[in-house]
1. On a 0 to 90 degree scale, rounded to 10, what angle separates helix B:209-226 from the longest Cα axis of chain B?
2. Listed here are the pairs B:K256/B:K310; A:K139/B:K3; B:K83/B:K256; A:K95/B:K256; B:K155/B:K453; B:K165/B:K310; which of them are more than 19 Å apart at the Cα?
3. What number, in percent, do you get for the relative contact order of region A:7-86 if the mean sequence gap of Cα pairs under 8 Å and at least 6 apart is divided by its residue count?
4. Net charge near B:A130, counting Lys/Arg +1 and Asp/Glu -1 over other residues with Cβ under 12 Å of its Cβ?
5. Per the 1.4 Å probe, what fraction of the accessible area of region B:278-489, in percent, lies on carbon and sulfur atoms?
6. At 1.4 Å probe radius, can you tell me the per residue accessible area of chain B in Å²?
7. To test your reading of the geometry: what angle, between 0 and 90 degrees and rounded to tens, separates the Cα axis of helix B:401-415 from the longest principal axis of chain B?
8. Compute the longest continuous run of chain A that contains no exposed GluC sites (Glu not before Pro); treat a site as exposed when its DSSP state is not H, G, I, E or B and it has at most 13 other Cβ atoms within 10 Å.
Amino acid sequence: MIEMNGEFIAFLILSIMAIGGAVFMLNFVRVVHMVLSLAFTMLSIAGIYVLLNAEFLAAIQVLIYTGAVSILMLFGIMLTRHRDQEAEGVRPWHKFFSFVGVAAFLGILLHTLYRTPFTEETADVGRFSVDWLGETVFKQYVIPFEAVSVLLLVALVGAVILARKESKS
Amino acid sequence: MEKYFLDYDWTVMAPELIILAAAALLSVIDLLLKEGGNRRLLGWISLAAVIGAGVVAAQQLGDPAYEILSDTYRVDDFARVFKLILLAGTGLILLGSFREMDREGKEARGEYIYLLLAALLGGMMLTSSADLITLFVGLELLSLASYILAGIRRKRTDSNEAAWKYVVMGGVSSAFILYGMSFVYGLTGTTNLYTAQQRLFEAYNSGYEPFVLLSLFLMLLGFAFKAASAPFHMWAPDVYQGAATPVTSFLAVVSKAAAFSLILRVLLGTYLFLLQAGPWQELVAPALLVIAAASMVIGNTAALRQTRTKRMMAYSSVAHAGYMLVPLAAVAGAMLFESTIYYLIAYLFMTLGAFTVLMVVERETGNEHLASFAGLSRRSPLAAAAMTVFLVSLAGIPITAGFFGKFYILIHAVTAREFWIAAVMLVTTVVSYFYYFGVIRMMYFRPPSDGKKVPIPAGAAVVILISLAGTLLLGFLPQWTLDFLGQMDWMSTLSPVRDTLGQ
């Protein structure tokens, strides 16, 4: 039986907000509205991280996803044609099959998740502090960390190649 | 005792470091060179770097396995052999595409070269790591660079469409892989493949069986996307057609080899315990076999109806992904690593050769319709002869590399007692004769639309000759390669490095 305490109520509200934002993002017609509802979802997810005792992750989530990514998307939209509306060009049976596929996938996931409840004790999360995180990243995971910097460089170069104006045309 | 940064021997990482340094150096040189100047120098530097890295990797062959920082970097014979395949593929593509990129990507020649190197670096990281985080970062580095390479011909709408489709589909597949990995981490609390295997085994026996299988199947979904195997191959024809031909051959050869190394590494490193526990035979092997069979059937039948050569090659590469999945699915067979890698090497030579001829013909006629091959035997007898060998090898007819590749996979499948997949393989191979021979018929029995000779640039000619030599040598003397592969220490792939067990 689920206990009705403050944590559960907070989780309920936050998850409804997160799912609602995602649904609205899919159903809005204007691109700006989509970005705003996406930001809303991201913010709610940050709230869920707080509930899970992952305060650092929550702060990062707000800073990067709710803040930076959303603002970047908004800038992108404002600097390009932002009055675009999505054209309804999808064949109806296509939509139907996507729906069936996604519903089946959700069914399998939910079935799996609910059939096997976790009986184990929750681990002690007290030692997962920020300085421990930093130490892990720069000691054990230094190779993927460096690789990520190459990855970012590639993304940057790629954005420049794909977006720059023709030099002469 | 915990080992730190400088306690490790970092020279084992030399191939990666050479490629990284070359990519960084090239991007700086590219800045300093005059705009519109000759970028040929960049091509030669990159080629030298790839060859240098290859030599270092080849010298390491046979050394004992070594790991750095709890398997975030790990080099064993499996990694070295795959690395050599990736390096050989990229080197040949670079050599063959000097002239092509001068023409195609006028405004992005330098970028083309160092993005190719960055993609190669990502692929090499995929081969030599046993840690989920490094594997994922390597995969994304490879994918991201490939997305940009696919869209590098910005003025052409089909190139834009290719890049766009590739980004969306690639993003979805990465999400699936990541979701699967998150279940592994959630169950085990580690990103190390071998530790994860032990703890997954415990989790499996204490009632979390559905989660273990869920994580595996989510990852398999993503892997099948990345290796372009049916039914997740939808992106391949459009992307292969839209991208510039050298990029297409990179996707078909290097990307695919890297994807296979990832699949083998993760499945054998983390989920092999399912073989003893039971569900491998009941669930995993049938799923893999169905993916393999679907790839063979869909790839080979869809290729029959194509009139554009690049689309045809795309479907053919889907079919080949199916063949290459068979050894892993029939894991109990006699020569798992040998048959997969033999096929990959054969596939490397014949596909690269075919794509290079295709590139030359495409440049000359300006389109990629099958009809542009008409009368090639008169316009360029050598190219036509080489192309015939490549196609015969792709079709798997003796005595070529492709024949022995398929033969070893068949032996493996039969020793694992998976007879029906062997039958599917034989039937679809016969089907594939129709479209491969369609091209040969075009080259020899159709009159050319104009009598112009097809000039072959020096770089492309060298690539065609090397591929031809490779295809024929692997066909005439398969035992050499097989003996060589037999000497490798494959079992080190399956277990952690000995002397660091105590960590």
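1. Orientation of helix B:209-226: about 20 degrees from the principal axis.
2. Details: B:K256/B:K310 16 Å; A:K139/B:K3 10 Å; B:K83/B:K256 13 Å; A:K95/B:K256 31 Å; B:K155/B:K453 29 Å; B:K165/B:K310 17 Å.
From B:K256/B:K310; A:K139/B:K3; B:K83/B:K256; A:K95/B:K256; B:K155/B:K453; B:K165/B:K310, over 19 Å: A:K95/B:K256; B:K155/B:K453.
3. Values: 80 pairs, mean separation 26.8, N = 80.
Relative CO of region A:7-86 lands at 33 percent.
4. On the way: positive: B:R74, B:R265; negative: B:E67, B:D71, B:D76, B:D131.
Result for the local shell: -2.
5. About 70 percent, which is the carbon plus sulfur part of the accessible surface.
6. On the way: 17450 Å² over 503 residues.
Here the residues of chain B average 35 Å² of exposed surface.
7. 30
8. On the way: sites that count: A:E3, A:E86, A:E88, A:E120, A:E121, A:E166.
Of all site-free stretches, the longest is A:4-85.
The values are calculated or read from the model by the stated rules, or taken from the named source; none is laboratory data. Everything numeric here is computed off the predicted structure, so don't read it as measured data. Here the Cβ is made from the backbone with ideal geometry for all residues, glycine too, and neighbour counts use every protein chain on show. SASA here: full protein model, heavy atoms, side chains in, ligands and nucleic acids out. Shrake-Rupley method; radii C 1.70, N 1.55, O 1.52, S 1.80 Å.
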